[in-house]
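The values are calculated or read from the model by the stated rules, or taken from the named source; none is laboratory data. What you are looking at is a predicted structure, and each value in this text was computed from that prediction instead of being measured. Here the Cβ positions follow ideal geometry from the backbone for every residue, glycine too, while neighbour counts run over all protein chains shown. Accessible surface areas use protein heavy atoms only, side chains included; no ligands, DNA or RNA. Shrake-Rupley method; radii C 1.70, N 1.55, O 1.52, S 1.80 Å.
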Amino acid sequence: MAFDLDMIKKVYDNYGSRIAAARQVVGKPLTLTEKILYAHLWDGNATEAYKRGVTYVDFAPDRVAMQDATAQMALLQFMQAGRPTVAVPSTVHCDHLIQAKIGADEDLATANTQNKEVYDFLASVSNKYGIGFWKPGAGIIHQVVLENYAFPGGMMIGTDSHTPNAGGLGMIAIGVGGADACDVMAGLAWELKFPKLIGVKLTGKLSGWASAKDVILKVAGILTVKGGTGAIVEYFGEGARSLSATGKGTICNMGAEIGATTSIFGYDDKIATYLKGTEREEIAKLADRVKEHLTGDDEVYANPEKYFDQLIEIDLSALEPHVNGPFTPDMAWPISKFAAAVKEHGWPQTLEVGLIGSCTNSSYEDISRAASLAQQAVDKKLVAKAEFTITPGSELVRFTVERDGYLDTFEKIGGVVLANACGPCIGQWARHSDDSNRKNSIITSFNRNFKSRNDGNPNTHAFVASPEIVTALTVAGDLTFNPLTDTLTNSNGVQVRLDEPQGLEMPSKGFAVEDAGYQAPAEDGSKVSVIVDPNSARLQLLDPFKAWEGTDIKGLKLLIKAKGKCTTDHISMAGPWLKFRGHLDNISNNMLIGATNFFNDKADTVKNQLSGEYGAVPATARTYKAAGIGSIVVGDENYGEGSSREHAAMEPRHLGVRAILVKSFARIHETNLKKQGMLALTFADNNDYDKIREDDTIDITGLNDFAPGKPLNIVLHHVDGTSDTFQVNHTYNQQQIDWFKAGGALNIIRMNQKG
Ligand code: MIC
Ligand code: SF4
């Protein structure tokens, strides 16, 4: 049995007393989010947590989950913590490194050969330190966690931004960088700024073409990619109770796209049904006993405006299917308005590829509903016009939907079933295209659609929708097709309409699987050795970063002033670079190559102030580093949006960048920077962004009095001899300042271990 019933029992045993203690201090009804957070305070003491919005609070998560692309760095760090085993139940999932090219079996075999060194490393580290290992092909981290580990009222951190998927089973699940995971596995507290609370009241019930995905597509449109920053989104109401557990998971998963810390649903019958269906009836029974703690108080839901910082209401009965994009997941279009938008903006109308599945949308319900459309296409003699791929989220789902005939149905309309892995979602896609300069459109049931993400091609316009809408549009091969109102011409020349999709929340014959792909760790790992070849191109043991020099930092060169959207995909691209995730020096060659230089509107072309020539960002940073000169990166709003990959923070650190100065940060990235001993600064006045010139030499002053809440100063020395000085803000608390001074959080763990 993979899940840990004793641990869950312990969590529930403490629930009553911890929540009662919290209630006494708060003196008001509690939301579900507050209950779970208070039940997981590190020292069990509630008082600290009430200074909401101002205080960082220490928590004790119940679990850690890591995916292969981020686990390498997390575990390279953990290996330095000096512990014999992990302090909390942890798992590693091999999902990101499998490239989609031909189909599941061939692609998996290729991945096993190409990534052997990395898989062997992850398997042996897991074996040694007591970490559960999910082999390549077992599935995508979030789906596997939902099926095996998520439990109502629990708290988990995961080294992937879509960790919140487990919120669908009522767990507070938060995406973090590897250094945070390393702390928790090392038995330390995990720190988080106590979040704001956004309530989403769902009324009515979904029908017809609308699905759970449309809830989050709509919420993304309302809140935008920044709107959830620093907040936990709590869904409630009769509409929430009517959604399947996996549908809830979809909503929480894509909540990462609004920058939310996480999203959550309360425990209900749908969650209990899913737990039973995935052989975890014992958990449902335990949860039933503490039911009142696994949902918000009645008073809260009766008067939500009094208890949430922000409230949104959505009537599921009136919800239209949405299509979001291109290039950003918050550009939300109800399907009835989408065709006009496509024409007005001149987006390529022909749909070239439709992709369903991924960690966001590959439940039994999703697959069965999409398959009902594929079957109609066959029955009504429609030929799918676009290419079609299906990525199952786990072997459990894949095996079951194959047994039930759905994969065959997809194949009948030309569908290609890919490995149970991230594949095209993260640019692990050898897309067959005749001309990569042609503007083209694709549509996916994934969650992110940043430029170049899926196929590395900036000309690809990627849109996001439910699996049902993706399937219908794939059949039509046309983005302007509205399946709710339009007809298609079949091979007999007859106009036909697709009926509403039909599906099942859970398989009527139950789930089945032959080999789920799990490998338990050794009882005693002390004799297991972990080998890293010093000549490896893919793995590199970490050298500690240098401590702060104890003075103001002067004479920094501007490396790049990034303009507009600068997500983690722009800072540390995935796709072909994923293979270097365990090798800091090699992966640093992708640093900021996707960011647009403010001064020339080009990507990866910045002025080298030493030579006066224009060159690639990583190479330019390396020249400054070799000359012993530090540098600084300037950015726009929501800098670091997207992934949890700490490489986006470690690469600049490694290449001599001392500070990242931006208008605003995305949460995970800001923490990652702090953890690695970088300065993460924001303009006190956003207009100061305009003062930064291409040839500037920059000082950061005030560091000797670096203190929580106290601004620092920036001095710009322009080449014409003039200068500008302005204040910059930061959100460092005392502990984080100590990380900065020590040169990174890991240096402190290492020091404590020696001391
Ligand atoms: C993503 O969806 O962007 C990823 C790839 O899963 C990332 C993790 C990574 O970069 O390895 C995420 O979401 O955190
Ligand atoms: Fe993998 Fe895509 Fe999910 Fe990230 S969002 S975990 S890349 S499937």
For the stretch 494-609, what size does the Cα cloud have along each of its three principal axes, sorted from largest down, in whole Å?
68, 62, 29
Inter-site label distance for ASP6 and LEU610 at 7 Å from Cα along Cβ, in nm:
5.7
May I have the convex hull volume per residue, in Å³, for the Cα set of the stretch 246-285?
69
Taking θ as phi - 60°, what are the ³J(HN,Hα) couplings along the stretch 738-749 by the Karplus curve (6.51, -1.76, 1.60), each to the nearest whole Hz, with x for Gly and Pro?
4, 4, 4, 5, 7, x, x, 4, 4, 4, 6, 4
Over all distinct alpha-carbon pairs, what is the Kirkwood Rh of the stretch 599-683 in angstrom?
13.3
Excluding SER433 itself, calculate the net charge of residues whose Cβ lies under 9 Å from the Cβ of SER433, where each Lys or Arg counts +1 and each Asp or Glu counts -1.
-2
Those lysines that a straight Cα-Cα span of less than 20 Å connects to LYS116, excepting residues fewer than 8 apart in one chain:
LYS101, LYS128, LYS135, LYS579
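For the stretch 301-407, run through the chymotrypsin sites (Phe, Trp or Tyr not before Pro) and keep only the ones in DSSP coil with at most 16 other Cβ atoms within 10 Å of their Cβ. Walk me through the intermediate numbers first.
Numbers: sites: TYR301, TYR307, PHE308, PHE327, PHE338, TYR364, PHE388, PHE399, TYR406; in loops: PHE308, PHE327.
Qualifying residues, ordered by number: PHE327.
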What distance in nm separates the simple spin-label points at GLU238 and ILE531, each placed 7 Å from Cα in the Cβ direction?
6.5
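With +1 assigned to the C-beta of every Lys and Arg and -1 to the C-beta of every Asp and Glu, and no other charges, what is the dipole magnitude of the chain about the Cα centre in debye, to the nearest 20?
Details: 74 positive and 90 negative charges, 176 e Å.
Using Cβ point charges on Lys, Arg, Asp and Glu, the chain gives about 840 debye.
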Average projection area in nm² (convex hull over Cα atoms of the stretch 715-755, one quarter of hull surface):
4.5
For the stretch 678-755, what is the convex hull (Cα atoms) projected area averaged across all directions, in square nanometres?
6.1
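On the protein heavy atoms, probe 1.4 angstrom, tell me the percent of accessible surface of the chain carried by carbon and sulfur. Don't jump to the answer; show the numbers that get you there.
Working: 12520 of 26010 Å².
Answer for the chain is 48 percent, counting heavy atoms of protein chains only.
Would you mind working out the magnitude of the charge dipole of the stretch 611-755 relative to its Cα centre, with +1 at each Lys and Arg C-beta and -1 at each Asp and Glu C-beta, to the nearest 20 Debye? Provide the component values of the computation, followed by the final result.
Values: 15 positive and 18 negative charges, 195 e Å.
It works out to roughly 940 debye.
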Amide H to amide H, which residues 5 or more places from PHE388 or on other chains are under 5 Å from it, using H placed in the peptide plane?
GLY354, VAL416
Could you estimate the translational diffusion coefficient of the stretch 426-487 from the Stokes-Einstein equation, with Rh from the Kirkwood formula over C-alpha pairs, at 37 °C and 0.692 mPa s, in whole µm²/s?
263
Quick one: if the Förster radius is 51 Å, what FRET efficiency do ARG289 and LEU542 give, using the C-beta to C-beta distance and rounding to 0.05?
0.70
Scattering from the C-alpha atoms of the stretch 5-119 alone, worked out with Debye: what is log10 I(q)/I(0) at q = 0.11, 0.20, 0.23 1/Å?
-0.59, -1.06, -1.23
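Taking only protein heavy atoms and a 1.4 Å probe, what accessible area per residue, in Å², does the chain have with all protein chains in place? Intermediate values should be presented prior to the final figure.
Details: 26010 Å² over 755 residues.
On a per-residue basis, the chain sits at 34 Å².
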Return, for the Cα atoms of the stretch 321-400, the radius of gyration and Dmax in Å, separated by a comma.
14.8, 43
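Could you compute how fast the stretch 192-263 diffuses translationally, taking Rh as the Kirkwood radius over C-alpha pairs and applying Stokes-Einstein at 4 °C with viscosity 1.567 mPa s? Give it in µm² per second. Could you put the intermediate results ahead of the total?
Working: Rh = 12.2 Å.
Stokes-Einstein gives a translational diffusion coefficient of 106 µm²/s.
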Neighbour net charge for LYS663 - beta-carbon separation under 14 angstrom, K R +1, D E -1
-2
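Compute the FRET efficiency between SER723 and LYS625 as 1/(1 + (r/R0)^6), taking r as their Cβ-Cβ distance and R0 = 35 Å, and round to the nearest 0.05. Write down the numbers at each step before the final one.
Working: r = 25 Å, r/R0 = 0.71.
The value I calculate is 0.90.
Give the calculated FRET efficiency between VAL496 and LYS412 to the nearest 0.05, with a Förster radius of 22 Å applied to their Cβ-Cβ distance. Intermediate results must be reported in sequence, preceding the final value.
Values: r = 16 Å, r/R0 = 0.74.
After rounding to 0.05, the efficiency reads 0.85.
If the viscosity is 1.002 mPa s and the temperature 20 °C, what translational diffusion coefficient in µm²/s does Stokes-Einstein give for the stretch 232-380 when Rh comes from Kirkwood over Cα pairs? Please report the intermediate quantities before stating the final value.
Working: Rh = 18.3 Å.
So the translational diffusion coefficient is about 117 µm²/s.
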Cross-link pairs LYS196/LYS509; LYS218/LYS607; LYS28/LYS193 - those with Cα-Cα distance over 31 Å:
LYS196/LYS509; LYS218/LYS607
Table column - 3J(HN,Hα) (Hz), the stretch 281-297, Karplus curve with 6.51, -1.76, 1.60, x for Gly and Pro
4, 4, 5, 4, 5, 5, 5, 4, 5, 10, 3, 5, 8, 9, 8, x, 5
So, counting K/R as plus one and D/E as minus one, what does the shell of residues with Cβ under 13 Å around PHE683 add up to?
-3
Pop out the ³J(HN,Hα) list for the stretch 660-667 in order, Karplus 6.51 cos²θ - 1.76 cosθ + 1.60 with θ = phi - 60°, rounded to Hz; leave Gly and Pro as x.
10, 10, 9, 6, 7, 10, 7, 4
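Take the eigenvalues of the Cα gyration tensor for the stretch 606-645, scale each by 5, and report the square roots as semi-axes in whole Å, largest first.
On the way: eigenvalues 114, 28, 18 Å².
Over the Cα atoms of the stretch 606-645, the semi-axes work out to 24, 12, 10 Å.
Which value does Rg/Rh take for the stretch 669-720 over its C-alpha atoms, Rh per Kirkwood? Don't skip to the answer; put the middle values down first.
Numbers: Rg = 12.6 Å, Rh = 12.7 Å.
The Rg/Rh ratio comes out at 0.99.
For the chain, go through all pairs of different Cα atoms, get the mean of 1/r, take its inverse, and jot down that Kirkwood value in Å.
Values: mean 1/r = 0.0382 Å⁻¹.
Averaging 1/r across every pair of different Cα atoms and inverting gives 26.2 Å.
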Cut-off under 16 Å on the C-alpha distance; same-chain residues fewer than 8 positions from LYS451 excluded. Which aspartates and glutamates are left, in chain and number order?
GLU257, ASP330, ASP569, ASP601, ASP604, GLU641
Taking GluC sites (Glu not before Pro) as exposed when in a DSSP loop with at most 13 other Cβ atoms inside 10 Å, the chain has its longest clean stretch at 1-513
Dividing the alpha-carbon radius of gyration of the stretch 83-191 by 2.2 N^0.38 Å (N being the number of residues), what value is obtained?
1.12
If each of ASN112 and VAL513 carries a label point 7 Å out from its Cα toward its Cβ, how far apart are those two points in nm?
1.7
Filtered hits (aspartates and glutamates, Cα-Cα < 13 Å from LYS10, offset >= 8 within chain) -> ASP62
Would you please give the residues with an amide H less than 5 Å from that of THR596, counting only those at least 5 places away or on a separate chain, with H modeled from the backbone geometry?
LYS563
